[in-house]
1. With 20 Å as the limit, write out which pairs from Lys265/Lys332; Lys376/Lys419; Lys180/Lys254; Lys9/Lys345; Lys370/Lys405; Lys265/Lys536 have Cα-Cα distances beyond it, or answer none.
2. How many times 2.2 N^0.38 Å is the alpha carbon radius of gyration of the chain?
3. As I understand it, the dipole of the chain uses +1 on the Cβ of Lys and Arg and -1 on the Cβ of Asp and Glu, about the Cα centre. Which of Met21, Leu92, Ala122 lies farthest toward its positive end?
4. When a/c is below 1.5 the answer is rounded, else prolate if a/b is larger than b/c, else oblate, so apply that to the range 439-544 with a ≥ b ≥ c taken from the square roots of the Cα gyration tensor eigenvalues.
5. Protein chains only, probe 1.4 Å: how do Asp89, Asp177, Asp41 rank by accessible area, largest first?
6. Taking a 1.4 Å probe, which of Lys323, Lys370, Lys265 shows the most accessible area, and what order do the others take after it?
7. Just to be sure I understand: of the beta bridges DSSP finds with both ends in the chain, what percent are antiparallel, rounded to 5?
8. With every protein chain present, what accessible area does Val68 have (1.4 Å probe, heavy atoms only), rounded to the nearest 10 Å²?
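The values are calculated or read from the model by the stated rules, or taken from the named source; none is laboratory data. Please read these numbers as outputs of a predicted model, since none were measured by experiment. Here the Cβ is made from the backbone with ideal geometry for all residues, glycine too, and neighbour counts use every protein chain on show. Protein only, heavy atoms only, side chains kept; ligands, DNA and RNA dropped before computing areas. Shrake-Rupley method; radii C 1.70, N 1.55, O 1.52, S 1.80 Å.
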Amino acid sequence: MAEEFSGKKFLGKTVYNGITMGKVMVLRGSQEQVRRTKIEDAEREIVRVKNAVGSTQEQLGALYDKAVKEVGESGAAIFEVHQMMLVDDDYLDAIYHVIRTEMVNAEYAVAITGDNFADMFAGMDDEYMQARAADVKDISTRLIRNLSGQGGADFSTMEPSVIVADDLSPSETVQMDKTKILAFVTVHGSTNSHTAILARMMNIPALIGVPVDLNKIQTGMTAIVDGAAGEVIFAPTELQCNEAEEKIRNEKEKLRLLRELKGKKNETSDGRTIDIYANIGSVSDVGYVLENDAGGIGLFRSEFLYLGRDDFPTEEEQFQAYKQVVQTMGKKKVIIRTLDIGADKQADYFALGKEDNPAMGYRAIRICLKQPDIFKTQLRALLRAAAYGNLSIMYPMIISVEEVKQIQAIVAEAEQELKAQEIPYRIPEQGIMIETPAAVMISDELAELADFFSIGTNDLTQYTLAIDRQNQRLEAFYNPHHKAILRMIQMVVDNAHKCGKWVGICGELGADTALTETFVNMGVDELSVAPPMVLKVRGKVRAM
Ligand code: PEP
Ligand code: MG
């Protein structure tokens with residue numbers, strides 16, 4: 001198979017520059033649509049299901065043993081529950097019934113049964129039973145992977161690899177061991193998706209829209225991923241390997257030069273300054289922030305704490321995570337964005353249901369205001385952590401003054417509770433994300449209510465240009481340099497400054513060095529960028 005590819009270049013769209021060479025790991029399975037095919041022999045399909053149940057049981061057993069060692073018996077119990085659910089007679093009989101009556105393939109029968117059982121659980125009154133919806137989906141996905149010969153991708157034992165997949169969801173990406181990923185290459189996906197954002201945060205070369213037949217790519221093949229050239233080469237020739245090694249050496253040298261900017265000010269030659277902070281998605285990203293000498297954290301996407309798990313993080317878990325971040329950052333500012341789940345960031349236990357337009361749907365602050373118990377748990381954790389460092393809070397997807405007033409009322413309730421319980425807390429600086437055209441147009445009124453603004457250009461571009469940021473076919477139309485966006489940013493800066501408030505940009509546009517000078521001239525006070533971009537933007541400011 002490797003000969004077929006030898007030296008062949010595949011072009012894609014660059015998500016993040018950088019060059020790497022290493023072994024491929026192909027991820028197939030959950031992210032691929034399960035195809036419905038007609039079969040002739042139902043009993044043969046049923047035997048396939050039984051065999052796959054056997055191997056799935058073995059994997060779950062191994063995961064249980066590993067989890068017992070790492071997190072103890074109670075943390076590992078979920079894998080025992082999964083083992084029991086997997087051999088539940090109702091579940092298996094339902095799968096066999098679909099195969100026999102519809103004469104369809106085992107993968108499809110498992111997918112349909114998993115969805116039906118998950119819907120049934122999600123519709124129950126009992127919270128415990130509702131949470132089982134995610135479990136039944138999880139075991140069905142595992143079973144489908146085994147049926148299709150993919151097995152489970154085990155990040156604990158894998159070598160650092162180039163991940164090749166059809167597409168990756170944020171919840172899949174967030175579970176990966178980042179030290180084991182050399183690069184991402186996907187057939188689908190969009191440069192504005194949260195998976196792309198994670199790749200930028202991790203400083204790894206990433207390409208999307210690479211037209212390669214995944215059935216022909218094998219785990220273990222060598223690949224060169226060149227983000228800057230937007231190309232991937234599978235089974236490279238010796239000459240190509242030598243060229244890549246040369247480029248990798250040059251990259252290291254460029255990085256070394258960039259590191260010389262550490263400890264220097266973000267100051268133009270005529271003495272104007274701007275803060276350059278970093279965006280993170282997890283506690284472990286703080287290392288990248290410090291390594292790249294960011295002045296603070298301008299956006300901690302707290303929803304990543306909710307992804308890749310089976311149930312809500314508790315107040316205590318969140319408090320510990322936020323506290324660790326603020327303590328590690330010392331006096332530096334840490335802006336934590338409240339839960340922005342929904343759209344491409346899905347966690348089954350939220351049971352959000354299917355929507356025709358999820359990006360314009362039930363998400364972010366809308367969920368928090370409709371389900372204040374979820375919101376208040378997070379706010380309590382944030383207020384508590386604020387007592388330990390320079391923490392600020394900001395609220396996503398705001399469209400009205402009324403929403404901000406409702407938020408203030410819930411913050412006040414959380415404060416009253418903590419006070420009554422004599423738990424240490426602090427009411428921190430609170431800002432609003434400006435990422436809807438509505439928020440831009442009423443930014444004069446919002447400025448009265450907020451301590452600061454942070455402009456989320458990813459969503460602001462999506463909603464202003466009416467372009468789904470997830471839709472790969474619209475990449476050519478997604479233009480964050482559009483005059484409408486730049487005028488909106490200026491309007492927000494002017495309205496904030498009139499009220500004595502500061503303004504940052506935390507969307508991906510903040511790291512676009514073609515606009516750094518424009519932003520400084522507009523009066524933007526802070527740019528929050530992926531950690532590996534901090535020194536590049538600093539270099540641009542200093543060259544002004
Ligand atoms: C944005 O929309 O620009 C933003 C920073 O938030 P997110 O990318 O997480 O939606
Ligand atoms: Mg956003």
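1. Checking Cα-Cα distances, Lys180/Lys254; Lys9/Lys345 exceed 20 Å.
2. Normalised by 2.2 N^0.38 Å, the Cα Rg of the chain equals 1.01.
3. So the residue furthest toward the plus end is Met21.
4. In terms of gyration-tensor shape, oblate.
5. I get Asp89, Asp41, Asp177, largest accessible area first.
6. From most exposed to least exposed: Lys370, Lys265, Lys323.
7. Just about 30 percent of them are antiparallel.
8. The accessible area of Val68 comes to roughly 50 Å².
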